[in-house]
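Below you'll find the structure, written out as structure tokens, and then a few comments.
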Amino acid sequence: MQRLVKGIKKAKERIEIMIFRFDSKEIERALIDAAERGVFVHALIAFTNRGGEENLRKLEKHFLANGITVARTAGDLVRYHGKMMIIDRKELYVTAFNFTYLDIDRTRSFGLITRNPNLVSEAVKLFEADIKRQGYASGNPKFLVSPVNARKELSRFIQAAKKELLIYDPKISDRSMLRILEDKKQTGVRVRVIGCVSGNRLPACELKRMRLHTRTIIRDRSHAFIGSQSLRQLELDARREIGIILRDGPAVKSLARTFEEDWAASAGDLEEKHPAQRKQKKSVKRVAQAVSKKIPLNPVAKKVVKTINHHADVDLDHRRLRSTVKEILQDIVEQTAQDAARETAEVVGKAN
């Protein structure tokens, strides 16, 4: 929080910020103060998030009333989920977290500050393209943007691993990415995931100490990716997500050290679970998958697509959109069924 506020306070000419969620009073106050001292503050606010449009509209009105220039993202993508801030077009902040108290103070997440002129100029190019609702063409393989170059560059990044991949990701489910990770594992690369992996195909554990929100990959303890995109089809192909690949000794070592601390605190019981507990976990998974397969999702997906088309002001690829929406619904139904099955199993276990 303080690094973000400090960056805003030292701005002399302009601040450009992309917002998906926002409730930080400190950052809000710093942005308004900057506008009052003559800094041009330009906020690009997502057209929607899970909480709906009402709060984002309130934020827009509040910013406008306090001298901040506001634009809203287009409706061509499922979500505009990227988070970044540019100070005087000289310093770039890219974060995996939203500008909220929950994400900043009570969540495991990371951000990156860089003055690399190539990365800063690429971020400016993206900001201007999204402000004007124009197309963006990638010009830097270290600056990852979904759905433009993130899939290609993350695939390359993972494939380059020689010894180890340490991954924070709430939900790895993209088939292509899973194949690459499994192939690396087969060649002897040690892969560990804090988060969830579809089908339990890789060693993974849930973060115990706090909520997980970051998307971070540490490769061979020499390179790292930090961004907002999970290794999921939706976040790679249908949403605006932003990330950066870095090679910085102290920063990467700090990330690896934090991962090891989180893994030690979270995976301690991974190998110690009783066979009956492991069997119960597998049963819960099977029940959840069976339930999700029996629920007809096509009618719901069609209604959602119809609603998106009604509100979008650009032409959309209906087939791709329907496929993406169906995948989201599948994830939600499966996770809900899994939670219900787990709770039932726990109740039965206690009764016995």
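For the reader, a short list of remarks on this structure follows.
- Screening segment 129-139 for residues that are touching a residue at least 40 places away in the same chain (Cβ under 8 Å) and outside any loop (DSSP other than H, G, I, E, B) and picking the one that is least open to solvent (accessible area, probe 1.4 Å) gives Asp130.
- Every pair of residues 6+ apart whose Cβ atoms lie under 8 Å, when the first sits in segment 99-125 and is assigned to a helix (DSSP H, G or I) while the second is hydrophobic (A, V, I, L, M, F, W, C) and open to solvent by 40 Å² or more (accessible area, probe 1.4 Å): Ile104/Met1; Asp105/Met1
- Residues of segment 78-98 classified as surrounded by fewer than 18 Cβ atoms within 10 Å (Cβ to Cβ) and assigned to a loop (DSSP other than H, G, I, E, B), total: 3
- Subset of segment 16-58 (residues that are touching a helix residue (DSSP H, G or I) at 6+ places or on another chain (Cβ under 7 Å) and among the small types (Gly, Ala, Ser)): Ser24, Ala30, Ala34, Ala43, Ala46
- Test: residue in segment 7-19 that is more than 19 Å from Ser109 (Cα to Cα), open to solvent by 20 Å² or more (accessible area, probe 1.4 Å) and under 23 Å from the mean Cα position of the chain (by Cα): no
- Among (1) farther than 30 Å from Lys208 by Cα; (2) open to solvent by less than 50 Å² (accessible area, probe 1.4 Å); (3) in contact with a Lys or Arg (Cβ under 9 Å, 6 or more places away or on another chain); (4) not in a helix (DSSP H, G or I) - the single one Gly75 does not satisfy: (3)
- Screening Lys142, Lys184 for residues that are in contact with a strand residue (DSSP E or B) (Cβ under 9 Å, 6 or more places away or on another chain), open to solvent by 40 Å² or more (accessible area, probe 1.4 Å) and of a type in the set (Lys, Arg) leaves exactly one candidate, Lys142.
- Scan of segment 29-42 for residues that are under 18 Å from Met1 (Cα atoms) and touching a residue at least 12 places away in the same chain (Cβ under 8 Å), ordered by number: Ala30, Leu31, Ile32, Asp33, Ala34
- Residues located in segment 207-255, provided they are closer than 20 Å to Arg156 by Cα and part of a helix (DSSP H, G or I): Gln233, Leu234, Glu235, Leu236, Asp237, Val252
- Which listed residue is open to solvent by 40 Å² or more (accessible area, probe 1.4 Å) and either of a type in the set (A, V, I, L, M) or over 27 Å from Val325 (Cβ atoms) (or both), from Arg209, Arg201, Arg219: Arg209
- Within segment 26-37, the presence of a residue that is part of a loop (DSSP other than H, G, I, E, B), crowded, with 21+ Cβ neighbours inside 10 Å and touching a strand residue (DSSP E or B) at 6+ places or on another chain (Cβ under 9 Å) is excluded.
The values are calculated or read from the model by the stated rules, or taken from the named source; none is laboratory data. Quick caveat: nothing in here was measured; it's all calculated off a predicted structure. Backbone-built Cβ (ideal geometry, glycine too); neighbour counts: all protein chains shown. Accessible surface is based on the protein model in full, side chains and every heavy atom, while ligands, DNA and RNA are left aside. Shrake-Rupley method; radii C 1.70, N 1.55, O 1.52, S 1.80 Å.
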